[in-house]
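Some notes on the structure that comes next.
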């Protein structure tokens, strides 16, 4: 942390963090507008991690199915170049996306579109 602060300076580091939170908020906004997403994270975002379930028409399936859907979406996202993981939750594993200070708005939009597309494919396959 000290070396990052030394490299960017206080203002530069503040700007990078502000940019990352803006991208995390953008991602959160896209997700909450979808009827196929159930949010785990709440506003205001306490960190750069955005957590949610893919839940067709807003219904989180049973723990086993929810976990399987999440794991398969993550597997397919990695194939598209996105490094996303998952974590255990009350309703099975949920997707967990961590936004980086260099994440662009275009990347956030592509990730959101991929999640919606893959979620529909995975739930249709299961």
Exercise for the section: Please enumerate the residues belonging to the stretch 57-67 that are buried (at least 17 other Cβ atoms within 10 Å of the Cβ) and either under 12 Å from the mean Cα position of the chain (by Cα) or at pLDDT 95 or above (or both). Expected result: 66, 67
Problem - Qualifying residue in the stretch 78-94 (condition: in a helix (DSSP H, G or I), out of contact with any helix residue (DSSP H, G or I) (no Cβ under 6 Å at 6 or more places or on another chain) and within 21 Å of residue 126 (Cβ to Cβ)) - result: yes
Problem - residue 13 buried (at least 16 other Cβ atoms within 10 Å of the Cβ), assigned to a helix (DSSP H, G or I) and more than 15 Å from the chain's Cα centre (by Cα) - result: yes
Fill in the blank from the handout: Given (1) surrounded by fewer than 17 Cβ atoms within 10 Å (Cβ to Cβ); (2) touching a residue at least 12 places away in the same chain (Cβ under 8 Å), residue 4 misses just (2)
Problem - Residue tally, condition part of a helix (DSSP H, G or I) and at negative phi, over the stretch 16-59 - result: 18
Exercise for the section: Report yes if residue 75 is farther than 15 Å from residue 87 by Cα and either modelled with pLDDT of 95 or more or part of a strand (DSSP E or B) (or both), otherwise no. Expected result: no
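The values are calculated or read from the model by the stated rules, or taken from the named source; none is laboratory data. The structure presented is a predicted model; accordingly, all values stated were derived computationally and were not measured. Here Cβ is always computed from backbone atoms with ideal geometry, including for glycine, and neighbour counts include all displayed protein chains.
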